[in-house]
Each structure stands twice: as C-alpha cells, then as structure tokens.
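Peer 1: Questions regarding the structure given below will be posed in turn.
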Amino acid sequence: QTRQGQAVQPFVRRFDLPRPPFDALIDGVAMDVGDRRYASFAELRQYCYRVASTVGLICVAIFGCRSEPARAYAEHLGIALQLTNILRDVPVDLARGRVYLPLDELARFGCTEADLRAGRMHDRLRALLAFQGQRARDFYAEAHRLLPRDERRQLVAAEIMGAIYRAILTRIERRDYDVFTELVRVPRPRRAVIAASTWMRVLVGLP
C-alpha cells in the first residue's frame, strides 16, 4: 500500500483529489476478503459505494467536475454499475465463496443459496433476479436525473461506461435473467458502437 500510495501522490496533487474516496475504496476492497454475505441492501449499498462510487468520485474530480450534482451523479452511477456486475456475476461470485444478493431478499422471494448454486431457473429465482435488475435500473435513472447538463461533456467517459453497462443489463433482461448458462457480455464491436453513439449524443446535446 505504501508503494501504491506513493505512486498515486503526484496525481493527487495535480488534480487536487479528495482523500475520503481513497480511504473508502480501501475499506471496500477489505470487505471482499474471505466469504462475504450481506444481510440487507443497506449493507450491500455501503459496499457498492466503497468499491464503485468512490472510483466515480475520483474520476469526476479528475474530469474537473466539482459540483454537488456531479458527485451525486457519480455516486448513483457507481452503485448502478456495481449492481449490474453483481447480477451478471452471481455464479462467478458463488465459486469464490461470495453472495452479494441481500440475504433478506433471498428469503423474501423464497430462494436459498442452494438455488443459486443449482443454477436452474424457476419463477422465484427469476423474480429475485428481476428485482435486483430493476433496482439497478432505478439507480441508472437517478444518475441520469442528477447529471449536470452543463458538465455533461466533461462526464462523457462516465456516460459511455453507463451506456455499456445498461446494455449488459438489457441483455440479462432479454435472457429472462438466466445468468447461469453463460456469462452475459456485450461484444467488443457493439461496445464500440455504443461508445461512439453516446459520444456523439453528448457532443450535439441530445438526451
């Protein structure tokens, strides 16, 4: 950590980066040590903030955005991205001994870790995963609402990332939330198209 901290220092000074997101990011990485479970979404949201929103907060500072709306946008977009990752990677995370779906929500939908490990889609499991997907959609929508229009060009990289991850979520939805058969990906050519079209919309001021 000392060597990494020293390597980051010139950039911290150059861009006047705030320290709290770095500290929170380290705490988030520490939360991934060992088998992990989250009792509720309140706990999971803290994790998502620490490992994803913090990166967004650092990035928007590098982009030169210092407004409160820009920081709020980064926080909500980071959570949306991480929730998409969690939904896509359920079987991958299980293999590593981690379950990121809140345990109280598994119980609410009548699902268990055994259902996740079996990887056989049924109505209760599909409803659970659809609930997670809609939550991610809600965070994307809130990020879009918070996006400061006068700083949109500075945030184009974040907008591109959000568009690509929304495409991942759309593919999961079209697969009826079957994330067990194969890892859901957006092919590289499609990612390039999404990036170019998003950049053009931002450039000309389209929604």
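The values are calculated or read from the model by the stated rules, or taken from the named source; none is laboratory data. Computed from a predicted model, the values in this text were never measured in an experiment. Glycine gets a Cβ as well: all are built from the backbone with ideal geometry, and neighbour counts include every protein chain shown. The area values use the complete protein model at the heavy-atom level, side chains included, leaving out ligands, DNA and RNA. Shrake-Rupley method; radii C 1.70, N 1.55, O 1.52, S 1.80 Å.
Peer 1: Using a simple spin-label model with points 7 Å from Cα along the Cα→Cβ vector, what separation in nm is obtained for SER197 and GLN134?
Peer 2: 2.6 nm
Peer 1: Considering only ALA118, ALA158, ALA30, give the residue with the highest GNM mean-square fluctuation for the chain, with springs between Cα atoms whenever their separation is below 10 Å.
Peer 2: The residue with the greatest mean-square fluctuation here is ALA118.
Peer 1: Further question: Quickly work out the ILE26-to-ALA157 label distance, labels modelled 7 Å from Cα along the C-beta direction, and quote it in nm with one decimal.
Peer 2: Using points 7 Å along Cα→Cβ, the separation is 2.3 nm.
Peer 1: To continue, here is another question. Compute the accessible area per residue over region 34-157, keeping the other protein chains in place, probe 1.4 Å, unit Å².
Peer 2: Ligands and nucleic acids excluded, the result is 44 Å² per residue.
Peer 1: GNM, the chain, Cα, under 10 Å: largest mean-square fluctuation among ALA157, ALA143, ALA192?
Peer 2: The residue with the greatest mean-square fluctuation here is ALA192.
Peer 1: Would you please name the GluC sites (Glu not before Pro) within region 155-207 that are DSSP coil residues with at most 12 other C-beta atoms within 10 Å of their C-beta?
Peer 2: Here the GluC sites (Glu not before Pro) that fit, given the DSSP loop and packing criteria, are GLU182.
Peer 1: Continuing with the same structure: For the ranges 78-90, 127-139, what's the packing order if you count other beta-carbon atoms within 10 Å of each residue, average per peptide, and put the highest first?
Peer 2: 78-90, 127-139
Peer 1: For region 110-207, what does the alpha-carbon gyration tensor say about shape, rounded, prolate or oblate, given a ≥ b ≥ c as the root eigenvalues, a/c under 1.5 as rounded, and a/b over b/c as prolate?
Peer 2: prolate
Peer 1: How much of the accessible area of the chain, probe 1.4 Å, is carbon plus sulfur, in whole percent?
Peer 2: 55 percent
Peer 1: Given only helices, namely DSSP H runs of n ≥ 4 each adding -39500 (n - 2.57), what is the per-residue ellipticity at 222 nm of the chain, to the nearest 500 deg cm²/dmol?
Peer 2: -21500 deg cm²/dmol
Peer 1: State whether the chain is rounded, prolate or oblate according to the following rule on the C-alpha gyration tensor (a ≥ b ≥ c being the square roots of its eigenvalues): a/c under 1.5 gives rounded; otherwise a/b larger than b/c gives prolate, and the remaining case gives oblate.
Peer 2: oblate
Peer 1: Still on this structure, please answer the following. As I understand it, the value is the acute angle between the Cα axis of helix 188-204 and the longest principal axis of the Cα atoms of the chain; what does it come to in degrees, rounded to 10?
Peer 2: Its long axis makes an angle of about 40 degrees.
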